[in-house]
């Protein structure tokens, strides 16, 4: 098995990288059967984004040397069993969101997100956002700190912290979650089919500026943001059979 190792900028991840590459060597990334990521969820997301940019189809197997590690597997107790764990792992295919936004100055930007696309107010005053779904206006004015569209894989991240629903990984839906909604005060968001197209128009743009963030990419002072799931892009994550993503999402819903 040809493995290429990537690691986070931390002492524990670097130590694991040295131990594992001493044992298995370091295959070139373009020749690898599997990318083994040592770090946290952020390191996995960076690897997924790099994979899209490189046009590679190599699956990603993560080992948790970070904090939460939702997209990773537990650290290996013995470095001698890593190839067996990778070979026995189950696959999960995920599709990112595409974000297209127009700024107040007329410039256009594109980005992708495997977790979520979020809009956030930039100043002390709440944002005012007009919400369209599939070219139909669904909300004239949402007064809030922000709003996000999250994928099933990202539903346990920022979305969960904003009290959005946890989505099963194979649910074929997306969640639309407000962030500290002021008006309508009781609106808790919506769950929509994965084919839904979202359009957000920023009201009172100069007085209430809004930024849009797709995973790591932040665009400031946007006037309109469009979001949809991209079925033409995909990445494969590998999980130990007793630690698969579907089971982890289920357990998260019963966590105390």
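The values are calculated or read from the model by the stated rules, or taken from the named source; none is laboratory data. Keep in mind it's a predicted model, so treat the numbers as computed, not measured. Positions of Cβ are backbone-derived with ideal geometry, glycine not excepted, and every protein chain shown enters the neighbour counts.
Quick notes on this structure:
Rundown of residues vs (1) within 22 Å of the chain's Cα centre (by Cα); (2) closer than 19 Å to residue 217 by Cα; (3) part of a strand (DSSP E or B), yes/no style:
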position: 112; (1), (2), (3): yes, yes, yes
position: 139; (1), (2), (3): no, no, yes
position: 155; (1), (2), (3): yes, yes, no
position: 160; (1), (2), (3): yes, no, no
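- Any chance residue 117 is assigned to a strand (DSSP E or B) and in contact with a helix residue (DSSP H, G or I) (Cβ under 8 Å, 6 or more places away or on another chain): no
- When residue 42 is tested against (1) at pLDDT below 95; (2) over 24 Å from residue 111 (Cα atoms); (3) surrounded by fewer than 17 Cβ atoms within 10 Å (Cβ to Cβ), just one condition goes unmet, and that condition is (2).
- Residue list for the stretch 9-37, restricted to those being farther than 17 Å from residue 55 by Cα and outside any helix (DSSP H, G or I): 9, 10, 25, 26, 27, 36, 37
- Evaluation of residue 76 against (1) outside any strand (DSSP E or B); (2) touching a residue at least 12 places away in the same chain (Cβ under 8 Å); (3) under 29 Å from residue 230 (Cβ atoms) (one fails), failing number: (3)
- Applying the criterion of being in contact with a helix residue (DSSP H, G or I) (Cβ under 8 Å, 6 or more places away or on another chain) and closer than 18 Å to residue 113 by Cβ to the residues of the stretch 166-181, the residue that is surrounded by the fewest Cβ atoms within 10 Å (Cβ to Cβ) is 166.
- Tabulated pairs, the stretch 200-216, first closer than 19 Å to residue 133 by Cα, second in a loop (DSSP other than H, G, I, E, B) and at pLDDT below 95, C-beta under 8 angstrom, 6+ apart or interchain: none
- Members of the stretch 48-68 found to be surrounded by fewer than 19 Cβ atoms within 10 Å (Cβ to Cβ) and under 20 Å from residue 116 (Cα atoms), listed by number: 50, 52, 53, 67, 68
- Against the numbered list (1) over 30 Å from residue 231 (Cα atoms); (2) touching a residue at least 60 places away in the same chain (Cβ under 8 Å); (3) surrounded by 20 or more Cβ atoms within 10 Å (Cβ to Cβ), residue 34 comes up short only at (1).
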